[in-house]
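These notes are about the structure you will find just below.
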Amino acid sequence: MLVRTAFALLLTTAAAVAAPNGATPTDRSELKKYCTGDYFTYCGDLAPDGPEVQACFRQNKAKLTPNCQAAITAYTKGQKRG
């Protein structure tokens, strides 16, 4: 259940989150890989499919791990290009 919740979070926060290393905008595996821990630390009390999670990630961006921040940045850039 915990893994499923984390996966759902990552799929729904895709618009706000990124995949490093030039991954395509639809490649959300990097988001799951790098941002699951941050979700549970900062946003775990929120429903994974709600818009509140995106706002939570934005609000806590400075606190996110460097890998998660890079994933968010890369995904966002991919969305703008794609």
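Read the figures in this text as sums done on the coordinates, not as results from a lab. Just so it is clear, the structure is predicted and the values come from calculations on it, not from any experiment. As a convention, Cβ positions derive from the backbone with ideal geometry for all residues, glycine included, and neighbour counts pool all protein chains shown.
Working from label points 7 Å from Cα in the Cα-to-Cβ sense, the Arg58 to Thr41 distance is 2.2 nm.
Among 61-67, 40-46, 71-77, how do they line up by average Cβ neighbours within 10 Å per residue, starting with the highest?
With the highest mean Cβ count within 10 Å placed first, the list reads 71-77, 40-46, 61-67.
Partner lysines whose Cα lies under 23 Å from the Cα of Lys80, excluding those fewer than 8 positions away in the same chain, are identified as Lys32, Lys33, Lys61. Between Ser29 and Thr73, the contour length at 0.36 nm per residue exceeds the alpha carbon distance by 14.4 nm.
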